[in-house]
Structure formats: C-alpha cells, structure tokens
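The values are calculated or read from the model by the stated rules, or taken from the named source; none is laboratory data. Owing to the predicted nature of the structure, the values given are computational and were not obtained by experimental measurement. So basically every Cβ, Gly included, is an ideal-geometry build from the backbone, and we count neighbours across all protein chains shown. Note: areas computed on protein heavy atoms with side chains; ligands, DNA, RNA excluded. Shrake-Rupley method; radii C 1.70, N 1.55, O 1.52, S 1.80 Å.
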Amino acid sequence: MFSVLETNLRYVKDFVSRVRRPTVLGGYTDPAEFSGHDHVRYLGGLDELGSQFPGVRRSATPDYRLFAGDHVIPRFSLSSGCSFRCNFCSVPTQLTLTPVDRVAENAEAYRPLSFELVYVDDKSFGEARNWRSLGDVGRRISAYNPGFLGFIVQTPPSLACRDGFIQECWDMGVRYIEFGLEICDDRWLAHLRKPFRMRHVEQAMELATAAGMKVVPNLIFGIPGADYTGTVDWISRNAAHIPAVNVNWLAVHQGNERGGLGLPHREQGNSDEHSDRKTWLSESERDHGWQAIRRIYAATAPGFPVEPLVTADMSGH
C-alpha cells in the first residue's frame, strides 16, 4: 500500500513496474499514471478500502499502540473539507463533520502516545458548527496526559476576526494558530481567491497576540509575477510573535484543476510544492523568492545568514 504524492510518484511507479504483487494506491496523483498495471488498484478514498480488504471498518477508532512512547504531534479532526475555494487547493469543498461519538473515541485513542501538542486538521477551523467541542477534547486529553500543552489550529484570518473567536480558542486550549497567508498583497490574495484581505490579517494578528497566542504563517512562493517585499516586511514586523513559518512553492497537481490559474501541470517540477523549478518562473523571480525566504528565516530565526532583498524583474508578465 502507498499514499502517492507528486514527490514520491516516480518511486512508486518504479516499484510497481518491478514488483508484480497486488498493490493498493491512493493519494493526490492521477490514477492514469498507473494504467497498464493490472496488479495495481488505485482507490478514490479510504471509504473504498473495504473493496480490497473485506472486514475493514472505516468507522473503527485508530489503534496507536504500534507507536507507544513515540514523541509525536498527533492530528485530530472535527471535520473534513473546506467550503472556501482557493484556486490552488485540492481540498474537497464539501464540509463533513466527524460524528460526535467518534470525536470522543479519537481523543481517547492517543493514550499510548507521548505528546505535548495536538494538531487540529480541520482546514478552516471554526467553519464547522462543532468547533466548540474542541474544549471537551482538551479536557479528555488532559485527564490522562498531564504534559499536554494545547492545540495547533489553522483558519483564515477572516474567520479569526470574528468577535470573541480568538479568546474562545485560547480558553479551549489553542496555543498556536496557522494562517494560510500565502502572500501579503491584496491583489494576489484576490487572484488566489483567498477569503480575506490584509486588513483581516492585521486584525487577526493583533487579536492573537493580545490573547498570548503564537501565529504560524503558511506562505506560497513562485506565484508568477508576484513581488514578496511586502510579505518580508510583514513577517519582520511581527517576528516576535511568529515561532516558525511554513514555506512551499506554488504547485499545480491532480485535484486542484478548479483553480483557473492557467499554469502547466505536466512539466517536471510544476507539480512539486518543494521545488522552485517552475516553467512559469524566470531566473530573477526564483532568485527573488529565495532572497525573500532567507530574509523571513533570518527574521524568525536570528542568526540565519541573509542577503539584501532584490526586487524581481516582472517585465515578462
């Protein structure tokens, strides 16, 4: 069994060409990549596991005893999906709530593990109507794990700005909040169909820091024609409250065709979010992206070597 991503696609393809054993795949890649291999079954989701493994119960509570004692950050979900339609994203737009009984069972399932933080995998925390049940989850975990420090959640700044939301999150044990910021530029936020603008970002940051919460920005580099000077400035101004940043390069891959960015998919590197080798980027744009990343790392990790930021030549766009 493999979960196939763009980053391991070529290795899995090589494996199935060499080892002709029954192989079950799933993931974010095009099933057509494995056409011609009769021993491969590519599933559309976990709900289809029963077609290959009779007796599998999708509703069963995970059993983590295999990882007993391992130091981890478990993932917990109150919902799946996201109704926002950012045009680079492959997350399903149908919002599905985790059944109430499963919420309690999953919270108890972490008992064998060694952890201080739990990552809440809801893509826009606070959108699903059951978000306040996170407080009960925290109480259940604290009852058997005295070292539990709290939760990490991710949500758009526009949701975080709702009256009282940040304070309620803090009271439920949220200690870190991720914002899918991508880039600090209203023009590009609109182009990416993000459900917020910089005024929301500024307000959400102020509310989070006032509550004592740390903020982790998620950033996307490699947007064709984009200037990241404003992003560097915003991160630098708020670095005291930012313990880390998550950096990826814009990628076009199976599942985010709804976007309409009009960028080519198949060329090598275009579908890899960890690669800067995009066919739509000039060398000056790549250099600009890396200089911005280095300055952001220098701001959030003092001592990181940095060069002066050079504005990219956007004349080709």
Query raised in the report: In the range 173-200, what residues are part of a helix (DSSP H, G or I) and touching a Ser or Thr at 6+ places or on another chain (Cβ under 9 Å)?
Result: 200
Query raised in the report: Does residue 72 satisfy the criteria of being outside the structural domain of residue 175 (by the TED database) and in contact (Cβ under 8 Å) with a residue 12 or more places away in the chain?
Result: no
Query raised in the report: So is residue 59 in a loop (DSSP other than H, G, I, E, B), among the hydroxyl-bearing types (Ser, Thr, Tyr) and open to solvent by less than 40 Å² (accessible area, probe 1.4 Å) or not?
Result: no
Report summary line: Checked 28, 119 against criteria (modelled with pLDDT of 90 or more and either among the hydroxyl-bearing types (Ser, Thr, Tyr) or not assigned by the TED database to the domain that holds residue 197 (or both)); the one match is 119
Query raised in the report: Within the range 124-140, is there a residue that is farther than 22 Å from residue 162 by Cβ, open to solvent by 10 Å² or more (accessible area, probe 1.4 Å) and hydrophobic (A, V, I, L, M, F, W, C)?
Result: no
**Report entry** The listed residue being among the hydroxyl-bearing types (Ser, Thr, Tyr), open to solvent by 50 Å² or more (accessible area, probe 1.4 Å), within 30 Å of residue 133 (Cα to Cα) and modelled with pLDDT of 90 or more, out of 110, 64
**Finding:** 64
Query raised in the report: Just one of the numbered conditions (1) surrounded by 11 or more Cβ atoms within 10 Å (Cβ to Cβ); (2) at negative phi; (3) free of Cβ contacts under 8 Å to residues at least 40 places away in the same chain is not true of residue 54; which one?
Result: (1)
Requested in this report: Being assigned to a helix (DSSP H, G or I), out of contact with any His (no Cβ under 6 Å at 6 or more places or on another chain) and not polar (S, T, N, Q) is the filter here, so list the residues in the range 16-48 that pass it.
Outcome: 18, 31, 32, 33, 34, 46, 47, 48
Query raised in the report: Given the structure, is residue 29 surrounded by 12 or more Cβ atoms within 10 Å (Cβ to Cβ), touching a Leu at 6+ places or on another chain (Cβ under 6 Å), in contact (Cβ under 8 Å) with a residue 12 or more places away in the chain and closer than 19 Å to residue 8 by Cα?
Result: yes
Query raised in the report: For the range 200-256, which residues satisfy the criterion of being over 19 Å from the mean Cα position of the chain (by Cα) and among the aromatic types (Phe, Trp, Tyr)?
Result: 228, 234
Report task. Return the residue satisfying two criteria in turn: it lies in the range 221-242 and is of a type in the set (Val, Ile, Thr) and assigned to a loop (DSSP other than H, G, I, E, B), and of such residues it is surrounded by the fewest Cβ atoms within 10 Å (Cβ to Cβ). Result -> 242
Query raised in the report: For the range 269-290, which residues satisfy the criterion of being farther than 13 Å from residue 250 by Cβ and within 23 Å of the chain's Cα centre (by Cα)?
Result: 290
**Report entry** Unmet requirement for residue 47, which otherwise passes all of (1) open to solvent by 50 Å² or more (accessible area, probe 1.4 Å); (2) within 25 Å of residue 103 (Cβ to Cβ); (3) more than 23 Å from the chain's Cα centre (by Cα)
**Finding:** (3)
Report task. Out of 193, 197, report the one residue that is open to solvent by 20 Å² or more (accessible area, probe 1.4 Å), at pLDDT below 95, more than 28 Å from residue 150 (Cβ to Cβ) and among the charged types (D, E, K, R). Result -> 193
Report summary line: Restricting attention to the range 135-164, the residues that are assigned to a helix (DSSP H, G or I), under 19 Å from residue 124 (Cβ atoms) and either in contact (Cβ under 8 Å) with a residue 40 or more places away in the chain or among the aliphatic types (A, V, I, L, M) (or both) number exactly 5
Report task. Evaluate the range 205-216: report whether one residue or more is under 30 Å from residue 26 (Cβ atoms), modelled with pLDDT of 95 or more and not aromatic (Phe, Trp, Tyr). Result -> yes
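One line per residue, one yes/no per condition, for (1) farther than 28 Å from residue 277 by Cα; (2) surrounded by fewer than 16 Cβ atoms within 10 Å (Cβ to Cβ):
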| site | (1), (2) |
| --- | --- |
| 158 | yes, no |
| 166 | yes, no |
| 176 | yes, no |
| 182 | no, no |
| 187 | no, yes |
| 213 | yes, no |
| 219 | no, no |
Query raised in the report: Out of the range 67-118, which residues are under 26 Å from residue 180 (Cβ atoms) and among the acidic types (Asp, Glu)?
Result: 116
